[in-house]
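What follows is one structure encoded as structure tokens, with my remarks underneath.
Bear in mind these aren't lab numbers, they're just calculated from the coordinates by the rules spelled out. This one's a predicted model, so the numbers in the text were calculated from it and none came from an experiment. With ideal geometry, Cβ positions are generated from the backbone for all residues, glycine too; neighbour counts draw on all protein chains shown.
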């Protein structure tokens with residue numbers, strides 16, 4: 001069963017600002033539509049089944065450029081897994097490589113992730129969701145990059161274009177369509193920051209739902 005959201009254990013798992021952000025999202029899980037829950041429940045079932053079989057749980061979140069939605073999903077899945085006490089390895093990739101978009105990075109920082117920027121054309125950001133916890137290297141790459149597992153993973157398609165371009169993801173045990181609206185549509189507009197914040201909030205809520213369901217299986 002999921003741990004009590006008000007226990008001190010949750011304080012140990014996440015940075016304080018991020019913990020407060022997660023606690024604010026938990027009541028929103030109930031508002032996820034039945035249609036959307038179908039794909040989320042499929043992912044939760046994959047996680048629970050792999051764990052029950054004693055298999056490592058590996059998730060690769062895939063979008064076209066590996067610049068926004070796939071990174072946001074990977075990092076939230078890692079944080080949500082830690083929140084619910086599950087051991088899950090999360091990854092991301094694209095059908096092509098660009099860079100982890102700085103607008104998405106800024107939105108994740110606003111949610112409470114700690115992210116170090118080394119600079120460069122395709123920076124290898126160091127991301128932390130927990131004091132003393134794991135450091136995640138976040139940089140844009142194709143999904144078959146050596147940093148990602150080549151077999152035994154679930155491929156989660158976070159954009160329609162990648163979903164259409166990759167009808168078969170070689171090496172995957174499951175392929176799950178979970179598209180999100182691209183906040184890039186609002187780049188340079190007055191809605192830019194709020195659009196990215198909305199994407200982060202939606203993905204956070206859905207990843208929390210997935211792992212809450214996984215621990216209940």
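Structure above, values below:
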| read-out | value |
| --- | --- |
| Relative frequency of Cα-Cα separations exceeding 22 Å in the stretch 8-216, percent | 45 |
| Spatial separation of Cα centroids for the stretch 133-197 and the stretch 72-118, in angstrom | 10 |
| Estimated distance in nm for a label pair at residue 109 and residue 137, the labels positioned 7 Å out from Cα along Cα-to-Cβ | 2.2 |
| Order of 135, 184, 141 - criterion: other Cβ atoms within 10 Å of each residue's Cβ, fewest first | 135, 184, 141 |
| For the chain, built as a Gaussian network whose Cα springs stay under 10 Å, the top-fluctuating residue of 38, 17, 51 | 38 |
| Segment residue 217-residue 31, extension gain: residue separation times 0.36 nm, minus the distance between their alpha carbons | 64.9 nm |
| Cα-Cα separations in the stretch 112-184 greater than 20 Å, expressed as whole percent | 49 |
| Relative pair counts by distance (%), Cα atoms of the stretch 1-124, 5 Å bins | 2, 9, 16, 20, 21, 18, 9, 3, 1 |
| Sum of -39500 (n - 2.57) over DSSP H runs of 4+, divided by residues of the chain (222 nm, nearest 500) | -13500 deg cm²/dmol |
| Two-site FRET efficiency, residue 98 against residue 126, from Cβ-Cβ distance with R₀ of 22 Å, rounded to 0.05 | 0.70 |
| Percent antiparallel among DSSP beta bridges (both partners in the chain, rounded to 5) | 25 |
| Efficiency of FRET from Cβ geometry, residue 160 and residue 189, R₀ 25 Å, rounded to 0.05 | 0.70 |
| Three-way shape call for the stretch 50-90 based on the alpha-carbon gyration tensor, with the a/c threshold at 1.5 | oblate |
